[in-house]
Structure formats: C-alpha cells, structure tokens
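*Asks:* First the structure, then my questions, so here it is.
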Amino acid sequence: MNPAGKPGKTGSLMPVEVALARLLEMADTSRIVERERLPLAQVQGRVLAEDLVSTLDLPPWPNSAMDGYALRLADWTGEPLVVSQKIFAGQAPDPLKPGTCARIFTGAPVPAGADCVEMQENAEVQPDERVRFTEAMVLGQNIRPQGQETTVGEVILPAGTRLGPIEQGLAASLGCAELDVIRKVRVAVLSTGDELIEPGQTLGPGQIYNSNRVLLCSWLQRLGCEVVDAGILPDDLGTTRTRLGELKDVDLILSTGGVSVGEADFLGIALREEGELALWKLAIKPGKPLTFGHFRGVPVIGLPGNPASTLVTFALLTRPYLLRRQGVREVEPLKVKVPAGFDWQKAGNRREYLRGRLENGRAIIYKNQSSGVLRSAAWADGLVEVLEDRTLVAGDSVYFIPLSEVLG
C-alpha cells in the first residue's frame, strides 16, 4: 500500500489538482464585478461584494453576562449591600451609588461605578432586602466589555464571503438592512446527443432520458446561479452553431457529453471553428474527459456525459470555478479523514471518488461504482477519495467529502 497523500503515476493524464488550478486561474481572469444591493433577507447564498466594516462597537457598552447583582468590588467587605436600583436589558441605568449594589439581568448595561457582577445563585436576599454574597469575587467577572465582539472600523466579513444564515445574523447585529453582493452567475446548461429525450416523452429505440440537465439546473440554483436552460443539442453542426450563438449573454456555457475529437462531436467542432477548445484527460475516476474552451468569447466547460461522472466533475471542478468567478477565495470542499469500512484491492492510475456514506464512523461504499449509475449518489452522503496507485484494507484512512459540502 502506498502512504496516504503520495501522488501516483498518471502518465499523460492531468492530475486533479492541476486541472483545478488551471480552472481557477482562468476564473480569476474573468471575475464578475457587477454588483447589486439587496435587502438582508434576500442575500442567502450570495457573495459579498465589499468588506463589511463595523460602524459600532459590539457590545456598545459593558453588559452583564448573568442574572445577578452589579457592584463595586472595593465596596464589598463581606457585609450585605443595599440594592439601589434594578436594571433590565434595554434600560439606561443610573450610576451606581457608592456602597450599594444593583439588581441586574442578562444583557443589561452595567452601571457606571460597578466593576463586577455576581450571579444570583451566589447571593442571598436578607429579610431587610439587603443582599449578602456567599462567594469570593474578582474584578470584571461576568461583565462583557464594550467592543468584545467587534470594534468600530474592524472588517467583520471580507469581500468574497458567501453569505448564509450566520453571516446574515452578524450583519443584522451591526444594523445592516441591505448588503452589496456580486450579481448572480448566468450559466447556460445544455446536453448533447440524439439519444437524449426529456422526461415525460416516450422512449424510442436507443434513447435514454436526460438526467444531467435536471441535476445541473437544480444544483446551479442551489449555488445561487441564474440558470438558462438550453435544452438538448441534436447531432447537427448548423443547429449547434445557431444555439450556441444565442447564448452570448451568459457567463458560462455548461455542457454534458459529446465533446471530444470524434467526427460526430459537433459541439467540439463548433468550439474549434469559432473559438478555442482544450480537451483534458484527467487522472480522475469517474470523469476522465473534461473540456474547457470559449465560443465567441463565452467560456465553455464540457463535462462527461455519464451521470456519476457529471456529478463528480461538477462537484470538484466546476463548482469551485463558479465560486471563484464571484470572488470566493476558499472554494474547495472540506475533507475529513475517516477509517475505511471496505477493502480496495486494485490500485488504479486515476484518483477515484467512490459514492459512499458513513456508518458507525467508517466509510462504506455503494456496491456498483459504475459511472452510469446515479443511484449510487442518491444512496450516498459523500464521496470517498482513493488516491492513485493505492490499495486499501478496512481500517486504513481515507478522505471523505460530505455531499453537503458541495451541493450548496
């Protein structure tokens, strides 16, 4: 067995890392800079266009972390103290009278003159309503200082941050009602081949239903993209040229199947005639063939046509490209190291991404790993990475990429 992390021998095949680096480099040269200002409630999944800078301290004043009593530590000699005021969250307190304490509740401003808060569990209210404290106290205890979370002028979220519920909540805490976000990426999705028909139609001889278009359109929408459904391209060069020419107002043309060097691969022919075409053979399984090019200046990514191949190459290559086009820096999914719950006896010269899931902390894999079997991904909750030239026995470490990391 080769040690984990050691690259294998791939010959003329391009390593996955190299293909991703090239795609991200090209994405960096064609960043989307147009922005729009949206209400905070509508920015879920969008990318922040400029740094979010704090315009206030959080908290704006020292406040109590507990329900209890605020006092000046030097006033406490062990004798009970008179309660001079009661302070609720949302109230502006009076300065603390010397030699007294204040009843205070969580989140309420600490009165001027107080320098510690004792929790109510360590306080005893006497019959005369004075308060006796039963434990030793220290300066500053249970007080959240002004600016503990943020200070004026501090960058809270950098440009390029993908906004989710937590980021929306943080922006709300700073009083932001609107945010500037990068406009949505416009992606045209098309499939190629006379063998494809849409669901709901009657299958003819040699025909199959087009699952990739639905898969990708739905996935792109979850990523916050604007989707242009370009349907199925027939195996006809004239029609291919016409349909591609109609897609001039998109940021990316995303195709599945049919781009290679074959004489019937009309999408590839059109790209070579009216743009450029780079066909990469990747050291990845499933999904060896991947195309990047341009048609009349519009970037084109051609994914392999088998459903599992489409899924893996979109997740690991196209998704990062789309995020980087919007300025997102961290675009690769989280990988977690887990023990394998299976044996892998045949070392390959390509990095394999097996559809699998975690059971009792171990990665197990679907019984059929064919690139044409989408059911394997529906059964799975992640991708199990097996490095090039490596065999495994149960218990060896593998990397697991949760599907939740790449689907949104």
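*Asks:* Would you mind getting me the FRET efficiency between residue 278 and residue 235? Use the beta-carbon distance for r and R0 = 22 Å, nearest 0.05.
*Replies:* Efficiency at R0 = 22 Å is approximately 0.50.
*Asks:* So, for region 239-347, what is the accessible surface per residue at a probe of 1.4 Å, expressed in square angstrom?
*Replies:* 39
*Asks:* Under a 5 Å amide H to amide H cut-off, with H placed in plane at 1.01 Å, what residues pair with residue 193 once short-range neighbours are removed?
*Replies:* HN-HN under 5 Å from residue 193: 233, 235.
*Asks:* Let me ask something else about it. Between residue 329 and residue 201, what is 0.36 nm times their sequence separation minus the Cα-Cα distance? Round to one decimal in nm.
*Replies:* 41.8 nm is the gain from fully extending residue 329 to residue 201.
*Asks:* Then there's this: Short version: ³J(HN,Hα) in whole Hz for each residue of region 355-364, in order, from phi by Karplus 6.51 cos²θ - 1.76 cosθ + 1.60 (θ = phi - 60°), x for Gly and Pro, what are they?
*Replies:* Each residue's phi maps through the Karplus curve to give 6, x, 8, 9, 9, 6, x, 10, 7, 10 Hz.
*Asks:* FRET efficiency for residue 221 and residue 174, Cβ-Cβ distance as r, R0 = 35 Å, nearest 0.05?
*Replies:* Calculated value: 0.75.
*Asks:* Can you give me the accessible area per residue for region 127-213, using a 1.4 Å probe, in Å²?
*Replies:* 53
*Asks:* Using a 1.4 angstrom probe and counting only protein chains, how large is the accessible area of residue 218 in Å², to 10?
*Replies:* Its accessible surface works out to 60 Å², give or take rounding.
*Asks:* For a label point 7 angstrom out from the Cα of residue 42 toward its Cβ, which stretches of region 225-245 have the backbone nitrogen within less than 19 Å?
*Replies:* Once the point is set 7 Å along Cα→Cβ of residue 42, 225-227 turn out to lie under 19 Å by backbone N, inside region 225-245.
*Asks:* So, one more: Under a cut-off of 18 Å between alpha-carbon atoms, report the lysines in cross-link reach of residue 367, not counting same-chain residues fewer than 8 places apart.
*Replies:* 285, 346
*Asks:* For the chain, give the percent of accessible area contributed by carbon and sulfur heavy atoms, probe 1.4 Å, rounded to a whole number.
*Replies:* That share works out to 51 percent.
*Asks:* In nm, to one decimal, how far is the residue 134 label point from the residue 359 one, both placed 7 Å along Cα→Cβ?
*Replies:* 5.3
*Asks:* Shifting gears a bit: Quick check: pseudo-label points 7 Å beyond the Cα along Cα→Cβ at residue 67 and residue 91, how many nm apart are they?
*Replies:* 1.5
*Asks:* Once semi-axes √(5λ) of the Cα gyration tensor in Å is worked out from the coordinates, which option in (1) 40, 23, 21; (2) 37, 28, 18; (3) 59, 27, 17 does it equal?
*Replies:* After the calculation, the listed value that fits is (3).
*Asks:* Report, ordered by chain and residue number, the aspartates and glutamates lying within cross-link reach of residue 184, taken as a straight Cα distance under 19 Å and ignoring same-chain residues fewer than 8 apart.
*Replies:* 28, 34, 36, 50, 51, 167, 226, 229, 249, 251, 330
The values are calculated or read from the model by the stated rules, or taken from the named source; none is laboratory data. This structure is a prediction, so every number in the text was calculated from the model and none was measured. Here the Cβ is made from the backbone with ideal geometry for all residues, glycine too, and neighbour counts use every protein chain on show. Side chains are part of the model used for accessible areas, which takes the heavy atoms of the whole protein and leaves out ligands, DNA and RNA. Shrake-Rupley method; radii C 1.70, N 1.55, O 1.52, S 1.80 Å.
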